[in-house]
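Q: Structure in C-alpha cells, see below.
Derivation of every value follows stated rules applied to the coordinates shown; laboratory data play no part. Since the model is a prediction, treat every value here as computed from it, not as a measurement. Ideal geometry is used to build each Cβ from the backbone, glycine not excepted, and the neighbour counts take in all protein chains shown.
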Amino acid sequence: MKAMVLNKITQVTENKRPLEKTEFPEPEPKNGQILIKVSTCAVCHTELDEIEGRTPPPKLPIIPGHQVVGYVEATGPGTRNFQPGDRVGVAWIYSSCGRCRYCLRGEENLCPDFKATGRDAHGGYAEFMVVPEDFAYTIPELFSDAEAAPLLCAGAIGYRSMRLCNLKDGQRLGLTGFGASGHLVLKMASYRYPKTDIYVFARNPQEREFARKLGAVWAGDTADEAPEKLDAIIDTTPVWKPVVEALKNLTPGGRLVINAIRKEDVDQEYLLSLDYPTHLWMEKEIKSVANVTRSNVQEFLALAAEMKIKPEHQEYSLDEANQALVELKEGKIRGAKVLTME
Ligand SMILES: [Zn+2]
Ligand SMILES: [Zn+2]
C-alpha cells in the first residue's frame, strides 16, 4: 500500500519533505482489531511535534496521522462491533491498558500505557491501517469523510479543553490561537454557553477577522489587553508568549487551559517576563490538557452532529502531505487540512 512515512526526526523549517512516500506492507487485523481502508486523514500540529522530536515516536519508521475516517475492509478474530463496509473514525487514543487506576476511573487519557495513533502505532497517512475495534467510532451520517476527519482531534480535544474550563453560561471565555481547534471551540462554546461572550487573541489579522465572522465579540493580537477580564482562556498555540499574555487577561480565580501536547522552545525566554502579581496572583490557575478519552470523542461527535458543525477545511492528496505540513508549520492556516486518499 501507499504510505507517507516518517523515517527520521527532522526539522521542518530546514527539511520541506519530512515524510517519504513509501510502498508499505498492508497490515493484517489481529485479535480484536479491524482493518480500515482510509478515506481521509486530517493533518494536526502534533504531527510536527512527532516529526521534529518533541514527542518522538518510540520506533521508526512510523506512519503518522490520528484523525482518520475510512471503511472497514476486514475484521480480525474476536471482533463483534463492525462489519466490512461500515464507516469508522480513529482518533488520537489508539489504546490504553484498561486496568490501571486511571483507566478504571474513566481517565484513560492519563494511562501510563496510553498509545497514540500515528506515534505509537501506524496511523492514517496511508491507504490502510488497523486499530482495536473498541477504539473506533461510528461517524454520524451528516458528515462527509473530509468534514469528519478534523473533528476527531481538533474537535475532540477542543471539547475536552472546553470541559476543563469549568465555565458557567454567561461567564467570559477567551481563546488564544485560532486554528482548527480554536474555531471549533468557538462554535461549540457559543452553542453550549449561549450567554457567554467569546474573545479571541490571534496574531494574524485574517484569523481575527475569521473569529469575528464566527461570532467572537472581540478579537485582538496575542499581547493585547481584552476590554474585559475573562473567566477562562484556552490556549491552542505551540509557543509561550500567548500563555504569559493570557494570564494577564484572566479574572481573579480564572483558569488558563493549555491545549498543547508540547510547546516549542523558540520563545521560551518569554516566560522570564512572568510577573507574579500581574499574571498569577489572585488564585489564577493553569491546567494542561492531555490526550482524549473515548467518551470525549463520542460525546463530541454527538454534539457536533446535533450542532451540525462543519469544520472549514482544505483538501490535499496523500502525496501532498509534506506540503500540508510545511504550510501548517509556516502558519498558513484557515480551518483544517485534510488528506484525501483518492
Ligand atoms: Zn491532533
Ligand atoms: Zn491504563
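Q: Among the numbered criteria (1) surrounded by fewer than 16 Cβ atoms within 10 Å (Cβ to Cβ); (2) touching a residue at least 12 places away in the same chain (Cβ under 8 Å); (3) closer than 26 Å to Lys263 by Cα, which one does Met307 miss?
A: Just one mismatch for Met307, condition (3).
Q: A follow-up question, please. Within region 109-123, can you find the residues that are more than 6 Å from ligand 2 (Cβ to nearest atom) and either out of contact with any Pro (no Cβ under 8 Å at 6 or more places or on another chain) or under 14 Å from Thr293 (Cα atoms) (or both)?
A: The answer is Asn109, Leu110, Pro112, Phe114, Lys115, Ala116, Thr117, Ala121.
Q: Residues to consider are Cys97, Cys103; find the one that is within 16 Å of ligand 2 (Cβ to nearest atom) and part of a helix (DSSP H, G or I).
A: Cys103
Q: Now, a different point. Hey, among Ile9, Ile36, which residue is closer than 30 Å to Ala324 by Cα, loosely packed, with under 15 Cβ neighbours inside 10 Å, within 23 Å of the chain's Cα centre (by Cα) and more than 16 Å from ligand 1 (Cβ to nearest atom)?
A: On inspection, the qualifying residue turns out to be Ile9.
Q: Residue check, Pro252 against (1) closer than 22 Å to Gly182 by Cα; (2) surrounded by fewer than 20 Cβ atoms within 10 Å (Cβ to Cβ), all met but one. Which one?
A: Tallying (1) closer than 22 Å to Gly182 by Cα; (2) surrounded by fewer than 20 Cβ atoms within 10 Å (Cβ to Cβ), Pro252 fails exactly one: (1).
Q: Right, another one. State which residue is farthest from Tyr125 (Cα to Cα) when the search covers only region 57-69 and only residues that are without any contact (Cβ under 8 Å) to a residue 60 or more places away in the chain and not hydrophobic (A, V, I, L, M, F, W, C).
A: Lys59
Q: Hey, can you tell me all the residues within region 55-69 that are within 13 Å of ligand 1 (Cβ to nearest atom) and either in a loop (DSSP other than H, G, I, E, B) or out of contact with any Leu (no Cβ under 9 Å at 6 or more places or on another chain) (or both)?
A: Of everything in region 55-69, those that are within 13 Å of ligand 1 (Cβ to nearest atom) and either in a loop (DSSP other than H, G, I, E, B) or out of contact with any Leu (no Cβ under 9 Å at 6 or more places or on another chain) (or both) turn out to be Thr55, Pro64, Gly65, His66, Gln67.
Q: If we keep just the residues of region 80-94 that are surrounded by 21 or more Cβ atoms within 10 Å (Cβ to Cβ) and not hydrophobic (A, V, I, L, M, F, W, C), which is nearest to ligand 2 (Cβ to nearest atom)?
A: Filtering region 80-94 for residues that are surrounded by 21 or more Cβ atoms within 10 Å (Cβ to Cβ) and not hydrophobic (A, V, I, L, M, F, W, C), the one nearest to ligand 2 (Cβ to nearest atom) comes out as Tyr94.
Q: Turning to a different aspect of this structure: Take Glu264 and decide whether it is assigned to a helix (DSSP H, G or I) and either more than 15 Å from the chain's Cα centre (by Cα) or touching a residue at least 60 places away in the same chain (Cβ under 8 Å) (or both).
A: Taking the combined requirement at face value, the residue does not satisfy it.
Q: What are the residues in region 70-87 that are in contact with a Leu (Cβ under 9 Å, 6 or more places away or on another chain), closer than 11 Å to Val131 by Cβ and small (Gly, Ala, Ser), if any?
A: Gly76
Q: Restricted to region 178-235, and to residues that are closer than 23 Å to Lys263 by Cα and aromatic (Phe, Trp, Tyr), which residue is farthest from the chain's Cα centre (by Cα)?
A: Once the filter is applied, the top-ranked residue is Tyr199.
Q: Kindly indicate which of Arg160, Arg172 is within 16 Å of ligand 1 (Cβ to nearest atom) and closer than 30 Å to Arg203 by Cα. Explain how you work it out, then say what you get.
A: Values: Arg172 fails: within 16 Å of ligand 1 (Cβ to nearest atom).
Within the list Arg160, Arg172, the selection yields Arg160.
To keep it simple, each residue is scored yes or no on (1) farther than 23 Å from Glu147 by Cβ; (2) in a helix (DSSP H, G or I).
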{"residue": "His279", "(1), (2)": "yes, yes"}
{"residue": "Val297", "(1), (2)": "no, yes"}
{"residue": "Leu301", "(1), (2)": "no, yes"}
{"residue": "Ile309", "(1), (2)": "no, no"}
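Q: Looking only at region 1-19, which residues are outside any loop (DSSP other than H, G, I, E, B) and over 13 Å from Glu47 (Cα atoms)?
A: Across region 1-19, the qualifying residues are Lys2, Ala3.
A quick yes/no check of all residues on (1) on the phi > 0 side of the Ramachandran plot; (2) in contact with a helix residue (DSSP H, G or I) (Cβ under 8 Å, 6 or more places away or on another chain); (3) of a type in the set (A, V, I, L, M, F, W, C):
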| site | (1), (2), (3) |
| --- | --- |
| Pro277 | no, no, no |
| Trp281 | no, no, yes |
| Glu312 | no, yes, no |
| Lys332 | no, no, no |
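Q: Could you grab me the full set of residues in region 95-120 that are within 16 Å of ligand 1 (Cβ to nearest atom), free of Cβ contacts under 8 Å to residues at least 60 places away in the same chain and surrounded by fewer than 22 Cβ atoms within 10 Å (Cβ to Cβ)?
A: Lys115 - this is the single residue of region 95-120 that is within 16 Å of ligand 1 (Cβ to nearest atom), free of Cβ contacts under 8 Å to residues at least 60 places away in the same chain and surrounded by fewer than 22 Cβ atoms within 10 Å (Cβ to Cβ).
Q: Please list, ordered by first then second residue, the pairs with beta carbon atoms under 8 Å, 6 or more apart or interchain, first in region 1-27 and without any contact (Cβ under 8 Å) to a residue 24 or more places away in the chain, second in a loop (DSSP other than H, G, I, E, B).
A: Glu20/Asn7; Glu23/Met1
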